[in-house]
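Visitor: Input: one structure, supplied below.
The values are calculated or read from the model by the stated rules, or taken from the named source; none is laboratory data. Given the structure is predicted, the values throughout are model-derived calculations rather than measurements. No Cβ is skipped: glycine too gets one built from the backbone with ideal geometry, and neighbour counts run over all protein chains shown. In case anyone asks, the SASA skips ligands and DNA or RNA and just uses the protein heavy atoms, side chains included. Shrake-Rupley method; radii C 1.70, N 1.55, O 1.52, S 1.80 Å.
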Amino acid sequence: MKNILLIGGSHGIGLSIVKELQDTHQLFVASRTEEGLQHENITHIPFDVTTDVLDVSLLPEKLDGFVYCPGSINLKPFKMMSLDTIKEDMELNFFSMVKVVKEIISKMDEGSSMVFFSTIAVGTGMPFHTSVSAAKGAIEGFAKSLAAEYAPKVRVNVVAPSLVDTPLAKRLLNNDKKREMMSERHPLKRVGDADDIANAAVFLLSGKSTWMTGQVIGVDGGLSTLNIN
């Protein structure tokens, strides 16, 4: 069984990845809560990414896969976006991720895979996304450089979703009108669900993507590349 470490795996996309992999992989899930993580192949590590240092002694000697799931969606006009919010978004999305990667990079085995998450708002400028786009843009640049530095031993790829129906996005989808409006913006006429994004991450962790590294993959209902309006 391959050993996969997930940071954040008890909600949303992270939990969908866990459900997809738990029967066939040995999973190490470092998250604040253990909800939904009761399975013989799951080792839960209590961990708050913004305050804790990951105890690597709880991990196996070699890791075949790594996924960093924590993220934020702070959408406000720039003039209302405080510097503290921007710093917090950068801390959660980027610096906390880099801190964990520093801790575990020596454990990544030959042919292993790392998966990070961005947003289509990095490649397509969108109003009110200044903070999250800056933080996720840092992830994309970091991932490409890391992929170059660690090739061919470790593959590093990024999944860039559009709006996904997860607890993180509930404020944007909390009534039928909002949901319909958001669905209509996408060429495929729906918002994403957690499994849409999890399936892409599982593919990037698998032996089916062994000739892919340094890529940013849009899983976004066509929004970043198609203009059908």
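Visitor: Could you work out [θ]222 nm for the chain from helices alone, using -39500 (n - 2.57) per DSSP H run of at least four and dividing by all its residues? Round to the nearest 500 deg cm²/dmol.
Guide: Rounded to the nearest 500, the figure is -9500 deg cm²/dmol.
Visitor: Based on the Cβ-Cβ distance from Val56 to Ser82, what FRET efficiency comes out when R0 is 30 Å, to the nearest 0.05?
Guide: Approximately 0.30, to the nearest 0.05.
Visitor: Another one. Assigning unit charges at the beta carbon (Lys, Arg +1; Asp, Glu -1) and nothing else, what dipole magnitude in debye, to the nearest 20, does region 32-167 show about its Cα centre?
Guide: 620
Visitor: In square nanometres, what is one fourth of the surface area of the convex hull spanned by the alpha carbons of the chain?
Guide: The Cα convex hull of the chain, projected and averaged over all directions, gives 12.6 nm².
Visitor: Continuing with this model, one more query. Quick one: helix 176-185 against the long Cα principal axis of the chain, what's the angle to the nearest 10°, folded into 0 to 90?
Guide: On a 0 to 90 degree scale, this one is about 80.
Visitor: I would also like to ask the following. Just to confirm the number: angle between the C-alpha axis of helix 194-205 and the first principal axis of the chain, 0 to 90 degrees, nearest 10?
Guide: Taking the Cα atoms of the chain, the angle to 194-205 is about 40 degrees.
Visitor: Could I ask something else about it? Mind checking the full-extension length gain between Lys19 and Leu75? Use 0.36 nm per residue of separation minus the Cα-Cα distance, one decimal, nm.
Guide: Difference between extended and current length: 17.2 nm.
Visitor: Related question: How large, in percent, is the carbon and sulfur part of the accessible surface of the chain at a probe radius of 1.4 Å?
Guide: 55
Visitor: What angle do you read, to the nearest 10 degrees and between 0 and 90, between the alpha-carbon axis of helix 130-150 and the longest principal axis of the chain?
Guide: So the inclination is approximately 30 degrees.
Visitor: Still on this model: How large are Rg and Dmax for region 91-178 when calculated on the C-alpha trace, in angstrom?
Guide: According to the Cα coordinates of region 91-178, Rg and Dmax are 15.2, 49 Å.
Visitor: Taking the alpha carbon gyration tensor of region 138-229, what are the square roots of 5 times its eigenvalues, largest first, to the nearest whole Å?
Guide: 30, 13, 12
Visitor: Ok, one more. Quick check: residue separation of Glu184 and Ala148 times 0.36 nm, minus the Cα distance between them. What number comes out in nm?
Guide: 9.2 nm
Visitor: So which lysines pass the test for Lys2, namely a Cα distance under 17 Å, with those fewer than 8 places away in the same chain ruled out?
Guide: Lys19, Lys62, Lys107, Lys153, Lys208
Visitor: Show which lysines lie in cross-link reach of Lys87 when reach means a straight Cα distance below 25 angstrom and same-chain residues fewer than eight apart are skipped.
Guide: By straight Cα distance, Lys87 reaches Lys76, Lys79, Lys99, Lys102, Lys136, Lys144, Lys170.
Visitor: Which GluC sites (Glu not before Pro) in region 20-78 sit in a loop by DSSP (not H, G, I, E or B) and have at most 12 other Cβ atoms within 10 Å of their own Cβ?
Guide: Glu35, Glu40, Glu61
Visitor: By the gyration tensor of its Cα atoms, with a ≥ b ≥ c the square roots of the eigenvalues, what is the shape of region 23-99: rounded for a/c under 1.5, prolate for a/b over b/c, or oblate?
Guide: Taking the square roots of the gyration eigenvalues as a ≥ b ≥ c, region 23-99 is prolate.
Visitor: Leaving out ligands and nucleic acids, note down the accessible area per residue over region 157-229 with a 1.4 angstrom probe, in whole Å².
Guide: For region 157-229, the per-residue accessible area is 59 Å².
Visitor: Can you find, among Val191, Trp211, Gly12, the residue sitting farthest towards the positive end of the charge dipole of the chain, where Lys and Arg contribute +1 and Asp and Glu -1 at Cβ?
Guide: Projecting each Cα onto the dipole axis, the largest value belongs to Val191.
Visitor: Ok, one more. Treat every Asp and Glu Cβ in region 143-229 as -1 and every Lys and Arg Cβ as +1, leave all other atoms uncharged, and give the resulting dipole magnitude about the Cα centre to the nearest 20 debye.
Guide: Magnitude of the dipole: close to 120 debye.
Visitor: Tell me the net charge near Val56. Cut-off is 15 Å between Cβ atoms, Val56 excluded, with +1 for each Lys or Arg and -1 for each Asp or Glu.
Guide: So the surrounding residues net to -1.
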